Amino acid sequence: MKNSLFDLEDRVIVVTGAAGVLAGGTARYLLEQGAKVVMLDLKQEVVDQIVADAKATISPKVSGYACNVLDRAMIESVYEKVMAEHGRVDALVNGAGGNMAGAMVNPDQTIFDLQFDQYEKVLDLNLKGTLLPTIVFVKAMVQQKKGAIVNFSSMAAKQAISRGIGYSNAKGAIDNLTRWLAMEFGMKFGEGLRVNAIAPGFFLGKQNRALLVNEDGSYTPRGKQVVAKTPMGRFGDQSEVYGCIHYLLSDAASFVTGAIIPVDGGFSSFSGI
Ligand SMILES: NC(=O)c1ccc[n+]([C@@H]2O[C@H](COP(=O)([O-])OP(=O)(O)OC[C@H]3O[C@@H](n4cnc5c(N)ncnc54)[C@H](O)[C@@H]3O)[C@@H](O)[C@H]2O)c1
């Protein structure tokens with residue numbers, strides 16, 4: 001028998017950035033848990049492919065739409081389609097996010113080399129790309145007096161991590177936004193509206209693999225630094241974020257809002273010495 005505290009059966013869960021590593025894996029996991037999952041990502045052909053694959057291998061309860069999380073009119077139009085399809089939205093996972101090469105200051109560079117246009121793009125994608133879908137999709141949750149939102153923070157949010165200035169600044173703002181929205185929604189829309197975040201540690205994905213692992217599988221100097229500061233002594237596997245997100249989306253977390261939960265093998269609790 002299912003434990004109803006964690007039951008996500010037929011919950012309508014919208015996932016942005018659903019073609020990504022962590023967000024896509026999460027969307028597929030939620031589908032496996034019986035949720036009705038709506039996958040959103042930038043390109044129609046990519047969305048068609050991930051939806052068809054999830055339908056064929058997991059469950060027919062999946063749909064998807066092309067949606068740029070920075071285009072408010074597009075998000076509104078997708079919202080209308082989701083409401084026409086399901087009549088409700090129980091949860092939103094703000095998975096779209098990421099970094100860009102020009103928004104970094106690498107060891108052989110200084111702040112004078114920062115490409116400010118790319119810095120702004122990274123701020124926009126991670127911060128506005130979380131706030132805009134939230135503003136649109138929370139409307140249904142307000143009507144329902146219930147809903148859960150999960151944002152993606154990062155280890156770059158609380159402590160300075162070399163190189164990624166744009167990403168660090170954006171994820172620091174995500175922590176603040178998560179707390180701010182938790183306060184705002186709880187006080188104005190009621191206790192059923194919750195906003196939390198997970199802060200993943202280091203997971204090998206398309207964005208960071210080359211920075212952390214050499215082609216022969218050995219760690220780069222930065223990969224070695226990360227693993228040395230991770231008490232568990234390894235990188236995370238993408239499947240290891242699913243349980244925390246499941247918890248935050250479920251009624252098991254009914255008194256949890258404004259929390260930013262590290263899923264990091266201990267990285268954030270260890271000073272490194
Ligand atoms: N992978 C990691 O190790 C890691 C660690 C910490 C935090 N995070 C964060 O977790 C979240 C999910 O990460 P991931 O591994 O799934 O990322 P990913 O890079 O694998 O995927 C990101 C997805 O977002 C989509 N996207 C980009 N711009 C978009 C836009 N304007 N509108 C809609 N979609 C857009 C991309 O097409 C891509 O499918 C991100 O916010 C990321 O910054 C990831």
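Worth pointing out:
- Note on Ser239 and Gln115: with the Förster distance fixed at 41 Å, the Cβ-Cβ geometry gives a FRET efficiency of about 0.75.
- Computed from point charges on the beta carbon alone (+1 for Lys and Arg, -1 for Asp and Glu), the dipole magnitude for region 1-121 about its Cα centre is near 420 Debye.
- Here the Karplus relation 6.51 cos²θ - 1.76 cosθ + 1.60, evaluated at θ = phi - 60°, turns the backbone of region 142-148 into coupling constants of 5, 4, 7, 6, 7, x, 10 Hz, with x for every Gly and Pro.
- Relative contact order of the chain: 18 percent, from C-alpha pairs under 8 Å at least 6 residues apart in sequence.
- Sequence-distant residues sharing a close amide H with Ile260 (under 5 Å, placed H): Ala197
- Remark: region 91-99, residue by residue, has Karplus-estimated 3J(HN,Hα) of 7, 10, 10, 7, x, 5, x, x, 10 Hz, where x stands for each Gly or Pro and the curve is 6.51 cos²θ - 1.76 cosθ + 1.60 at θ = phi - 60°.
- For Thr220, residues with placed amide H under 5 Å, excluding near neighbours: Val213, Asn214
- Peptide packing: for 105-112, 240-247, the average count of neighbouring Cβ atoms within 10 Å per residue gives the ranking 240-247, 105-112, highest mean first.
- Cβ-based charge dipole, the chain, positive-most Cα from Ala182, Leu70, Gln238: Ala182
- When the Cα convex hull of the chain is projected onto planes of every orientation, the mean area is 15.4 nm².
- Summarising the amide proton neighbourhood of Gly201: residues at separation of 5 or more, or on other chains, whose placed amide H is nearer than 5 Å comprise Val263, Asp264.
- Estimated FRET transfer efficiency (Asn106, Lys139; beta-carbon r; R0 41 Å; 0.05): 0.45
- Exposed loop sites, defined as trypsin sites (Lys or Arg not before Pro) outside DSSP H, G, I, E and B with at most 14 other Cβ atoms within 10 Å, are absent from the longest region of the chain, namely 44-144.
- Count of lysine pairs in region 70-182 with Cα separation under 29 Å (8 or more residues apart, or interchain): 17
- 0 to 90° range, to nearest 10: angle between helix 21-32 axis and the chain longest Cα axis: 30
- Within the straight-line cut-off of under 19 Å between alpha carbons, the aspartates and glutamates reachable from Lys224 are Glu215, Asp216, Asp237, Asp264, sequence neighbours fewer than 8 places apart in one chain being disregarded.
The numbers here are math on the coordinates, done by the rules we state, and not lab data. Not measured: the values here are computed from a predicted model. Using ideal geometry, Cβ is built from the backbone for each residue, glycine included, and neighbour counts are taken over all protein chains shown.
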